[in-house]
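A short write-up of the structure that comes next.
Where a number appears in this text, it was derived from the coordinates with a stated rule and is not lab data. No experiment lies behind these values; they were computed from the predicted model shown. Using ideal geometry, Cβ is built from the backbone for each residue, glycine included, and neighbour counts are taken over all protein chains shown.
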Amino acid sequence: HRVGVLISGRGSNMAALVAAARDPACPYEVAVVASDKADAAGLAHAAANGIPVFVGPPGKIAREASFDAIFRANGVDTIALAGYMRLLSDEFVARWRGSIVNIHPSLLPAYKGLDTHARAIAAGDAHGGCSVHVVTEELDGGAVLGQARVPILPGDTPDALAERVLAAEHLLYPKVLAEFVTR
Ligand code: GRF
């Protein structure tokens, strides 16, 4: 099963997917990593691991058309969003219906969108966490495939919580993606 990963930055979740795929028992391989940003740090990591990398051109329509083409050319079955910071168009989502997943740093349906950790702390929540979900036209809205809960500690800052949740993301995403591609 071939996975195309979309990133915009650091790419630590992409790196976790790549690392997990080294296990011969892993049911997926990362076929290509694509980004909307040429300076996304994750691109260098992917290239260093022998994975084809691609940077989309400016403009949503051209960029998504190029992603679609590059994924099809690389035999991609499933698209994994990993810190891809743009909304995909309804047309792109429809073309890959049911085959795009995302990781989001909250316990969905709580805290869709940005600043999830600050919002969870401000609300006095006992737990934050992360969710892997199917991508639909609704932002952070598709079926939840798996979640990990992380305690919010007294005095937690958004950055401290984000770091702890990120460690949980790196375990959750490869596990849920493996289940998803063998569903
Ligand atoms: C992660 O927190 C992910 O949940 C969110 O964006 C961040 C991406 O981090 N969607 P990275 O690029 O995978 O390191």
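Details
- Counting only lysines at least 8 places from Lys175 when in the same chain, those with an alpha carbon closer than 25 Å to its own are Lys112.
- The string of couplings for segment 5-10 from the Karplus curve (6.51, -1.76, 1.60, θ = phi - 60°) is 10, 10, 10, 10, x, 3 Hz, one whole number per residue in order, with x for Gly and Pro.
- For the pair Ala126 and Ala65 in one chain, pulling the backbone fully straight at 0.36 nm per residue adds 17.7 nm over the alpha carbon distance.
- The trypsin sites (Lys or Arg not before Pro) of segment 5-58 that meet both conditions, a loop assignment by DSSP and at most 13 other Cβ atoms within 10 Å of the site Cβ, are Arg22.
- Rounded to the nearest Hz, the phi-derived 3J(HN,Hα) couplings of segment 44-60 under the Karplus curve 6.51 cos²θ - 1.76 cosθ + 1.60 (θ = phi - 60°) are 5, 4, 5, 4, 5, 9, x, 9, x, 10, 8, 10, x, x, x, x, 4, where x marks glycine and proline.
- With K and R counted +1 and D and E -1, the other residues having a Cβ less than 13 Å from that of Glu91 yield a net charge of 0.
- Per-residue Cβ neighbour counts within 10 Å put Thr182, Thr78 in the sequence Thr182, Thr78, beginning with the fewest.
- For the chain, built as a Gaussian network whose Cα springs stay under 10 Å, the top-fluctuating residue of Val30, Val53, Val132: Val53
- Computed [θ] at 222 nm, deg cm²/dmol, the chain (DSSP H ≥ 4; -39,500 (n - 2.57); rounded to nearest 500): -11500 deg cm²/dmol
- Dividing the mean sequence gap of close Cα pairs (under 8 Å, 6+ apart) by how many residues the chain holds gives a relative contact order of 21 percent.
- In terms of other Cβ atoms within 10 Å, Met14, Met85 run from fewest to most in the order Met85, Met14.
- Order of Ile70, Ile7 under a 10 Å beta carbon neighbour criterion, fewest first: Ile70, Ile7
- Here the Karplus relation 6.51 cos²θ - 1.76 cosθ + 1.60, evaluated at θ = phi - 60°, turns the backbone of segment 18-29 into coupling constants of 5, 4, 5, 6, 5, 5, x, 7, 5, x, 10, 10 Hz, with x for every Gly and Pro.
- Shape call, segment 1-112: gyration tensor on alpha carbons, a/c limit 1.5: rounded
- The magnitude of the dipole of the chain, with charges of +1 and -1 set on the Cβ of Lys/Arg and Asp/Glu and taken from the Cα centre, is near 260 debye.
- Among beta bridges from DSSP that stay inside the chain, the antiparallel ones total about 40%.
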